[in-house]
Each structure stands twice: as structure tokens, then as C-alpha cells.
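Chemist: Here it is: the structure, laid out below.
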Amino acid sequence: TRQLTLVPFRGNTVSLIGGWEELLGALEDHRSGLASMRGSPYYEPFQEEATAWETSLGQLTRVLDLWQQVQRRWVHLSAVFPESGSDVAAALPGEARRFREVSR
């Protein structure tokens, strides 16, 4: 069982997921292990279950990749649209408001 590592960001109001490398590395290790088992003569009785696990691990990897991208973009946008305001926020008030609403 693995747990997500939460890292405080900007005080204690927001937490980000940390330890991506370890988490994604473990997923890749498990996916590689399942792929290498396909060559075993004892694989056939477990093929259906192994295929289901390969599918689940692949989906989880894609979800975590997307989550990482969203988190990276949110961190970038939080610098562009800080709570105290900025020149960019003043120039783009609608976008700044939308970001503040989404960030709550």
C-alpha cells in the first residue's frame, strides 16, 4: 500500500503531491513485472487477472500523469495570479477571478 505524500505549498492553505518519481517508478516496476511474466510458461492460468492488472496500472499511470500536469500548471498560474494581485491579474481580471474561484 502506498500513500500520497502531501507537501505544504504557500503556508498551510494548500498541499501539493510530492514524491512523484517514487510513485511513478513503483507503478512502472509493477507494469514491467507483469509484462515480463507474459513469457513464463505458467502465465496462462493468470492471464485474465494479469491483463486486468495491466489495464488498471496503465489507467492509474495516465491519471497520475495528468494530475501531475494539472498540479504543475496550477503552481505556475498561482504565481501569475497571486491572491494579493499582480499586473497580470489587473490586465486579465476575468481570468484572475476564474483562477481564484477554481483554487478555493
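The values are calculated or read from the model by the stated rules, or taken from the named source; none is laboratory data. Computed from a prediction, not measured in an experiment: that's the story for all the values here. Note that each Cβ is placed from the backbone with ideal geometry, even for glycine, and that neighbours are counted across all protein chains shown. These area figures cover heavy atoms from the full protein model, side chains too; ligands, DNA and RNA do not enter into them. Shrake-Rupley method; radii C 1.70, N 1.55, O 1.52, S 1.80 Å.
Chemist: Can you find, within segment 66-94, the residue that is least open to solvent (accessible area, probe 1.4 Å) among those that are farther than 18 Å from Val7 by Cα and of a type in the set (D, E, K, R)?
Modeler: So the residue we want is Asp87.
Chemist: Now for a separate question. Read through the list (1) under 17 Å from the mean Cα position of the chain (by Cα); (2) surrounded by 12 or more Cβ atoms within 10 Å (Cβ to Cβ), then give the number of the only condition that Arg97 fails.
Modeler: Answer for Arg97: the failing condition is (1).
Chemist: Next up: Cβ contacts < 7 Å: first residue in contact (Cβ under 8 Å) with a residue 24 or more places away in the chain, restricted to segment 1-13; second residue surrounded by 10 or more Cβ atoms within 10 Å (Cβ to Cβ), any location; separation 6+ or different chain. Result?
Modeler: Final answer for the pair search is Arg2/Leu23; Arg2/Ala26; Phe9/Ser15; Phe9/Leu16.
Chemist: I'm trying to understand the selection: among the residues of segment 41-84, which are within 30 Å of Glu95 (Cβ to Cβ), among the aromatic types (Phe, Trp, Tyr) and part of a helix (DSSP H, G or I)?
Modeler: Matches in segment 41-84: Trp67, Trp74.
Chemist: Does Leu66 satisfy the condition of being of a type in the set (A, V, I, L, M), in contact with a Leu (Cβ under 8 Å, 6 or more places away or on another chain) and either at pLDDT 95 or above or over 17 Å from Leu23 (Cα atoms) (or both)?
Modeler: Against the criterion (of a type in the set (A, V, I, L, M), in contact with a Leu (Cβ under 8 Å, 6 or more places away or on another chain) and either at pLDDT 95 or above or over 17 Å from Leu23 (Cα atoms) (or both)), Leu66 does not qualify.
Chemist: Let me ask you something else. Scan segment 48-104 for residues that are within 19 Å of Pro8 (Cα to Cα), charged (D, E, K, R) and in contact (Cβ under 8 Å) with a residue 12 or more places away in the chain and report the count.
Modeler: Result for segment 48-104: 2.
Chemist: Which ones in segment 35-63 are among the charged types (D, E, K, R) and under 25 Å from Gly19 (Cα atoms)?
Modeler: Hits for segment 35-63 are Glu54, Arg62.
Chemist: Could you go through segment 28-51 and let me know if any residue there is closer than 25 Å to Val102 by Cβ, of a type outside the set (Ser, Thr, Tyr) and either open to solvent by 40 Å² or more (accessible area, probe 1.4 Å) or out of contact with any Cys (no Cβ under 7 Å at 6 or more places or on another chain) (or both).
Modeler: no
Chemist: What is the number of the single condition among (1) under 30 Å from Pro82 (Cβ atoms); (2) of a type outside the set (Lys, Arg); (3) out of contact with any Phe, Trp or Tyr (no Cβ under 8 Å at 6 or more places or on another chain) that Ile17 does not meet?
Modeler: Failed condition: (3).
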